[in-house]
1. Quick check: anything in the range 41-51 without any contact (Cβ under 8 Å) to a residue 24 or more places away in the chain and in a strand (DSSP E or B)?
2. Take Asn125 and tell me if it is within 15 Å of the chain's Cα centre (by Cα), assigned to a strand (DSSP E or B), at pLDDT below 95 and surrounded by fewer than 16 Cβ atoms within 10 Å (Cβ to Cβ).
3. When you scan the range 58-71, do you find a residue that is surrounded by fewer than 18 Cβ atoms within 10 Å (Cβ to Cβ) and among the aromatic types (Phe, Trp, Tyr), even just one?
4. Are any residues in the range 85-102 closer than 16 Å to Asp40 by Cβ and out of contact with any Phe, Trp or Tyr (no Cβ under 9 Å at 6 or more places or on another chain), and if so, which ones?
5. So which of Leu78, Leu54 is modelled with pLDDT of 85 or more and outside any loop (DSSP other than H, G, I, E, B)?
Amino acid sequence: MCLTVTDDGGAIGIDCSLLAAAGSCFCTPSTVHIEMIEPDLLKADKGERYGQALVKVMDDCGNAVSGVTVYGTFSGDLSESINGQTGGDGNVLLTTTTSAKGKPVFTFCVDNVSNGTLSYAPDDNVETCDSF
């Protein structure tokens, strides 16, 4: 199948290149990695706040991966270990069970991820810790 394009001056261009969609069938995933971490605060009662970390997990073909358990640690004003499982969009929102007054300062680090079929391969270009 070819793509034909006509510009405002009437010139026509034709391209018959093979295009592959994102998540192409030409790639078989073998590993998962942390794509991003976004720390934040969630309001609690009486001026207190919980810590949160949104974590996105992708495979080595560039697809979001569901069903991955993410293990992480909050440290600083909010301190605890926590885990949760990614949804269909590859995201998991981890929220502390404890809160702190004011605007707590914390660091969240992914300690490990677990998936039944794909192994965890940290991406050297993506930090596995982020601070708020």
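The values are calculated or read from the model by the stated rules, or taken from the named source; none is laboratory data. Note that the coordinates shown come from a computational prediction; the quantities given were computed from them, not determined experimentally. Note: ideal-geometry Cβ built from the backbone for every residue, glycine included; neighbour counts use all protein chains shown.
1. Looking through the range 41-51, at least one residue is without any contact (Cβ under 8 Å) to a residue 24 or more places away in the chain and in a strand (DSSP E or B).
2. Spelling it out, it is not the case that Asn125 is within 15 Å of the chain's Cα centre (by Cα), assigned to a strand (DSSP E or B), at pLDDT below 95 and surrounded by fewer than 16 Cβ atoms within 10 Å (Cβ to Cβ).
3. Within the range 58-71 (the criterion being surrounded by fewer than 18 Cβ atoms within 10 Å (Cβ to Cβ) and among the aromatic types (Phe, Trp, Tyr)), the answer is yes, since at least one residue qualifies.
4. Once the filter is applied, which keeps residues that are closer than 16 Å to Asp40 by Cβ and out of contact with any Phe, Trp or Tyr (no Cβ under 9 Å at 6 or more places or on another chain), the range 85-102 yields Asn91, Val92, Leu93, Gly102.
5. Of the residues listed, the single one that is modelled with pLDDT of 85 or more and outside any loop (DSSP other than H, G, I, E, B) is Leu54.
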